[in-house]
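Notes follow once the structure below has been shown.
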Amino acid sequence: MNDYRKLTDQEIQQLKEHSCTAENWADIEVAPDFTPDYIYYTRFSGKVRLGVFEGEFTLAGGMKKHAGLYHTTLHNVTVGDHCCIENVKNYIANYIIGDHVFIENVDIILVDGKSRFGNGVEVAVLNETGGREVMIHDRLSAHQAYIMALYRHRPVLIERMKDIIEKYAEENASEMGTIGNHVTIVDSGYIKNVKIGDYCKIEGAGRLKNGSLNSNEHAPIHMGYGVVCDDFIISSGSHVEDGTMLTRCFIGQACHLGHNYSASDSLFFSNCQEENGEACAIFAGPFTVTHHKSTLLIAGMFSFMNAGSGSNQSNHMYKLGPIHQGAMERGAKTTSDSYILWPAKVGAFSLVMGRHVNHSDTSNLPFSYLIEQQNNSYLIPGVNLKSVGTIRDAQKWPRRDKRKDPFKLDQINYNLLSPYTIQKMMKGCKILKDLRKVSGETSEMYSYQSTKIKNSSLNNGIGYYETAIHKFLGNSIIKRLEETKFQSNEEIRARLVPDTEIGLGEWVDISGLIAPKSEVEKLMTDIESGVLNTVDQIHDRFVEMHRNYYTYEWAWAYDKILSFYHLQPESISAKDVITIVKQWQEAVVGLDKMVYADAKKEFTLSSMTGFGADGSREEKEQDFEQVRGTFESNPFVTEVLNHIQKKTALGNELIERISPLA
């Protein structure tokens, strides 16, 4: 509201009768329809603007409170329409408060001097001693942070990104804080230099200092009891509850932190869930989850990760301090009481069990088990491809995306098989075959990157990887040729030609976004040269990469189909396509059968241990069935069986459609 007027003498007199005081009544401006009927025991200081106090707030239990000011002190504050501010122990200073705001039983809310509200705070991720600082801001995505943390070998890029964020932080700096519309702040303590977005609810927070709560109507933020946050930014839709303590942290969209979780110098991106444990200097990409009190995540990079109870890492070898870092690529998991001594790197969708102190790098052998036996790290390549848990995880992540905000900060690709993982499997096949060639086919044990691989594990790993490669390439060619009636092999060849050359070469996973490395390189070059000058321009480029994923993916897949199956673009025919599709069918059905067999283990008699208390075997089976259901009726199992039928039919349809040309 822009039209304000001075108080009338009658209004000033009424306010005085309501035990209100002011340093200078002339410094108070009010809305045209203002009445002082609901203002009592209020002290005004500095420039104050007041809206209209009409309407009621209905509280939990049915209690109603009328809008107004009661027992409060305001200094340089604008209050919007229909607000209720009651029992402010100290004062509210230097804030613009929106409409329909409810503030009750708080200690102090103030802005002291010019504040950036958390924008521009440097978070020392991965290396506690510094060197990989990420400057946080309202629009930070996992992908921007990834580049800023890891591409330190490009100092011009880092300086330009710092300048861009510094400019954004300065543009959003102010000596006045904002509390948006429909905000609730109750039973809270010390709130200083905090920007609070629309529909935010703060209940019982202990201390909030130098930060932004980027709440909105679509995705409100909730801050719970005992929460302490210093130098922070919290994105839309997130919940920070129950004594959580954050220092120099960025919290992405739809995250949940609670049960006394503590974190310092850490970044948490979309849909992270952190409870009970502790984090220090971690880069938690989308869907990083930890639930347990005994779990410490430190100096690591994670995404789509689930940490078992007692998971721990060390970034300190008692020499030059906590300078070591590690990475667990997307989808990696740790079991209970697992331990990794950084530096180390764990491949995508791998499982870590036991203690590992030999600094292994299994990034080119994804979907593996890394297991400790007698103080040695054993690697079982590719075995996670047949794990029911892996498939279940891949299905659940899209369903667990809780982001309601139409503006998505992170561009998340959920694909289990992609150019990123398939290129690693192709490298993995070569690595395993080279090991077998160099050490001999009859060797009982092979050594790779400080791990040991048994002969049977190596041979099985090659089989798993080749099956997955057939599956991905077959998927790609079927998708490319779907819903088209071809009259000749020339038409098939024309359809197979990619729409772009972007996508050839290496692919990267930049914390949730899977993209061609060439496009990421182009983005970084454009930042360095000044083509991209704002945080939103950088964001838009990531959105474009994500939107064009399948176009780029086909360019990569087509190139790999030609080389993997030894085909030529000018002579590829329906016969070749049919051969690929049949191998694809074998791969899909083969993998699904392995997953089916893995799921069946969950319904064996040994899995029924603990069921049917005090009863016979028959009662044990009946109790198990009541709790877990039968194997045949399990939703996941029926889905696997349906998948086998569906994919078989899909392949048969394409074969039928093009077989006249073969």
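When peptides 31-39, 270-278 are ranked by their average number of other Cβ atoms within 10 Å per residue, the highest-first order is 270-278, 31-39.
Please compute the net charge surrounding Val111, taking Lys and Arg as +1 and Asp and Glu as -1 over other residues with Cβ under 12 Å from its Cβ. All intermediate terms of the calculation are to be shown ahead of the outcome.
Details: positive: Lys114, Arg116, Lys192, Lys195, Lys209; negative: Asp112, Glu175.
Net charge around Val111: +3.
With unit charges on the beta carbons (Lys and Arg positive, Asp and Glu negative) and the dipole taken about the Cα centre of the chain, which residue among Gln449, Ala263, Ile103 sits farthest to the positive side? About the Cα centre, the residue reaching furthest to the positive side is Gln449.
The phi-based Karplus calculation (6.51 cos²θ - 1.76 cosθ + 1.60; θ = phi - 60°) puts the 3J(HN,Hα) values of the range 177-188 at x, 10, 10, x, 6, 6, 8, 10, 10, 9, 6, 10 Hz, whole numbers, x for Gly and Pro.
Using the Cβ-Cβ distance between Lys114 and Asp9 with R0 set to 30 Å, the FRET efficiency works out to roughly 0.20.
Suppose only helical runs count, i.e. DSSP H with n ≥ 4. What mean residue ellipticity at 222 nm does that imply for the chain under -39500 (n - 2.57) per run, divided by all residues and rounded to the nearest 500 deg cm²/dmol? Mind showing how you got there, number by number?
Details: 13 runs with 208 residues, N = 662.
Result for the chain, helices only: -10500 deg cm²/dmol.
Placing R0 at 51 angstrom, the Cβ-Cβ distance between Thr638 and Ser294 gives a FRET efficiency of 0.85 after rounding to 0.05. For the peptides 532-545, 365-378, residues were scored by their other Cβ atoms within 10 Å and the scores averaged per peptide; the highest-first order is 365-378, 532-545.
I'd like to know which of Phe57, Phe117, Asn127 lies farthest towards the positive end of the charge dipole of the range 31-169, counting +1 on Cβ of Lys and Arg and -1 on Cβ of Asp and Glu. Value: Asn127.
Only aspartates and glutamates eight or more places from Lys430 in sequence, or on another chain, were considered; those with a Cα closer than 12 Å are Glu466. Under the convention that each Lys and Arg Cβ holds +1 and each Asp and Glu Cβ holds -1, the size of the dipole of the chain around its Cα centre is about 2220 debye. The GluC sites (Glu not before Pro) of the range 2-77 meeting both criteria, a DSSP state outside H, G, I, E and B (loop) and at most 14 other C-beta atoms within 10 angstrom of the site's C-beta, are Glu23, Glu54.
How big is the dipole moment of the range 248-400 about its Cα centre under a simple scheme where the beta carbon of each Lys and Arg is +1, that of each Asp and Glu is -1, and everything else is neutral? Debye, nearest 20, please. Please report the intermediate quantities before stating the final value.
Details: 12 positive and 9 negative charges, 63 e Å.
Magnitude of the dipole: close to 300 debye.
Ranked by how many other Cβ atoms sit within 10 Å of their own Cβ, fewest first, the residues Arg160, Arg657, Arg403 fall in the order Arg657, Arg160, Arg403. Extending 7 Å from the Cα toward the beta-carbon at both Asp499 and Ser529 defines two label points whose distance is 2.5 nm.
A simple packing score, the average count of other Cβ atoms within 10 Å per residue, orders the peptides 479-489, 130-140 as 130-140, 479-489, with the highest score first.
With R₀ fixed at 41 Å, the C-beta to C-beta distance from Glu23 to Phe407 puts the FRET efficiency at about 0.45.
Once you list every other residue whose beta carbon is under 10 Å from the beta carbon of Thr58, what net charge do they have if Lys and Arg are +1 and Asp and Glu are -1? Intermediate values should be presented prior to the final figure.
Details: positive: Lys64, Lys65; negative: Glu56.
So the surrounding residues net to +1.
Kindly put Thr295, Thr247 in sequence by how many other C-beta atoms sit within 10 Å of each C-beta, fewest to most. Could you put the intermediate results ahead of the total?
Working: Thr295 23, Thr247 17.
By the 10 Å Cβ count, ascending: Thr247, Thr295.
With the dipole of the chain worked out from charges on the C-beta (+1 for Lys and Arg, -1 for Asp and Glu) around the Cα centre, which of Val535, Ala307, Cys272 lies farthest toward the positive end? Towards the positive end, the residue furthest out is Ala307. The slack in the chain from Asp337 to Asp540, taken as 0.36 nm per residue of separation less the alpha-carbon distance, amounts to 69.0 nm. Most simply put, the chain has about 15% antiparallel DSSP beta bridges, counting only bridges with both residues inside it.
Computed from Cα atoms, the angle from the helix 517-529 axis to the main principal axis of the chain rounds to 40 degrees.
Readers should treat all values here as calculations from the given coordinates under stated rules, not as data from a laboratory. All values derive from a computational prediction rather than experimental measurement. So basically every Cβ, Gly included, is an ideal-geometry build from the backbone, and we count neighbours across all protein chains shown.
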